[in-house]
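Undergrad: Okay, handing you the structure first.
The values are calculated or read from the model by the stated rules, or taken from the named source; none is laboratory data. Remember, it's a predicted structure, so these values are computed and weren't measured experimentally. Every residue, glycine as well, gets a Cβ built from its backbone with ideal geometry; the counts of neighbours run over all protein chains shown.
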Amino acid sequence: MNNFKERDFFHEGMRHYQDLFDGRRTAEAIEKNRKHYEFWDDEKNLIKNSKFFFISSSWNGYTDCNIKSGDPGFVKIIDKGTIEYPEYDGNSMYRTAGNIFKNPNVGLLFINFDGESRRIRINGIASIHHDQETIKNHFGAKFVIRVKCEIYPNCPRYIPNLDTKKPSIYVPRKGQGAPPAPEWKERDYIKNILPEGDPHKKEK
């Protein structure tokens, strides 16, 4: 599928586990309130300053995950909901580009390992560009990959801080009691519909 409007955000496998753990209401509230198609200001800042991101691609049942790296600014936001990045000289396998050539659907993850910044998850529709007008905007590029984005940020509660070497305080650990509640569980559209059994669900 090459259009976000052609597909549901949740398929039956996701629905199975949402229903198994009473998470359907929470999932739908997150979709309604957090899924978007134009970058928010904090997302623009994270992307413009990123030195890397992860990208997954697939074809014919074979899935590949890769990391793309460069100096801050190597990923460019070219309109409200589209980014592009350069493909530099590599190992000549072209796994990501090859998959995109056959299947434009990709998944991206932008993340800071600081234990604080929200990660940005993207369901993307990618295209490959060889024209000189596009390439000249990315020094050293062999070609450019452009991604139209469906965006949904996630809270950072399980992300470790690699600068301080401190682990996330939200990871469950033996002998430490229940982890604290993440900020998003206190939002008005979430706090009253948390799944049954959620340790942070407040009694009415």
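Undergrad: Which condition number in (1) touching a Pro at 6+ places or on another chain (Cβ under 6 Å); (2) of a type in the set (A, V, I, L, M, F, W, C); (3) under 18 Å from Gly81 (Cα atoms) is the one that Phe9 fails?
TA: The one condition Phe9 does not meet is (1).
Undergrad: While we're here: With Asp79, Asp64, Asp8, Asp19 as the choices, which residue is surrounded by fewer than 14 Cβ atoms within 10 Å (Cβ to Cβ) and in the same structural domain as Cys155 (by TED's automatic domain parsing)?
TA: That would be Asp79, the only listed residue that is surrounded by fewer than 14 Cβ atoms within 10 Å (Cβ to Cβ) and in the same structural domain as Cys155 (by TED's automatic domain parsing).
Results for (1) more than 17 Å from Ile125 (Cα to Cα); (2) in contact (Cβ under 8 Å) with a residue 24 or more places away in the chain; (3) in contact with an Asp or Glu (Cβ under 7 Å, 6 or more places away or on another chain), shown as yes or no for each residue.
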residue	(1), (2), (3)
Asp41	yes, no, no
Ile47	yes, yes, no
Ile55	no, yes, no
Cys65	no, no, no
Thr82	no, yes, no
Tyr85	no, yes, no
Tyr88	yes, yes, no
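Undergrad: From the list Asn123, Asn99, Asn112, exactly one residue is in a strand (DSSP E or B), in the same structural domain as Val75 (by TED's automatic domain parsing) and surrounded by 14 or more Cβ atoms within 10 Å (Cβ to Cβ). Which is it?
TA: Every option except Asn123 fails the conditions.
Undergrad: Any residue in region 186-202 that's farther than 22 Å from Pro172 by Cα: show its pairings with residues that are part of a loop (DSSP other than H, G, I, E, B) and at pLDDT 90 or above at Cβ separation under 6 Å, as long as the two are six or more apart or on different chains.
TA: none
Undergrad: Any idea which residue in region 110-127 is farthest from Pro156 (Cα to Cα), counting only those that are in contact with a helix residue (DSSP H, G or I) (Cβ under 6 Å, 6 or more places away or on another chain) and not small (Gly, Ala, Ser)?
TA: Ranking the qualifying residues of region 110-127, first place goes to Phe110.
Undergrad: Condition check: among the small types (Gly, Ala, Ser), assigned by TED's automatic domain parsing to the domain that holds Phe143 and either more than 28 Å from Gly98 (Cβ to Cβ) or not in a strand (DSSP E or B) (or both). Does Gly73 satisfy that? It would help to see each step written out before you state the result.
TA: Working: among the small types (Gly, Ala, Ser): yes; assigned by TED's automatic domain parsing to the domain that holds Phe143: yes; either more than 28 Å from Gly98 (Cβ to Cβ) or not in a strand (DSSP E or B) (or both): yes.
For Gly73, the condition - among the small types (Gly, Ala, Ser), assigned by TED's automatic domain parsing to the domain that holds Phe143 and either more than 28 Å from Gly98 (Cβ to Cβ) or not in a strand (DSSP E or B) (or both) - is met.
Undergrad: Turning to a different aspect of this structure: Please enumerate the residues belonging to region 140-168 that are in contact (Cβ under 8 Å) with a residue 24 or more places away in the chain, assigned to a loop (DSSP other than H, G, I, E, B) and not polar (S, T, N, Q).
TA: Gly140, Ala141, Lys142, Cys155, Pro156, Arg157, Ile159, Pro160, Leu162, Asp163 - these are the residues of region 140-168 that are in contact (Cβ under 8 Å) with a residue 24 or more places away in the chain, assigned to a loop (DSSP other than H, G, I, E, B) and not polar (S, T, N, Q).
Residues checked against (1) closer than 25 Å to Leu108 by Cα; (2) modelled with pLDDT under 85; (3) in the same structural domain as Ile30 (by TED's automatic domain parsing); (4) not β-branched (Val, Ile, Thr):
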{"site": "Asn154", "(1), (2), (3), (4)": "yes, no, no, yes"}
{"site": "Lys166", "(1), (2), (3), (4)": "no, yes, no, yes"}
{"site": "Val171", "(1), (2), (3), (4)": "yes, yes, no, no"}
{"site": "Lys174", "(1), (2), (3), (4)": "no, yes, no, yes"}
{"site": "Gly177", "(1), (2), (3), (4)": "no, yes, no, yes"}
{"site": "Leu194", "(1), (2), (3), (4)": "no, no, no, yes"}
{"site": "His200", "(1), (2), (3), (4)": "no, no, no, yes"}
{"site": "Glu203", "(1), (2), (3), (4)": "no, yes, no, yes"}
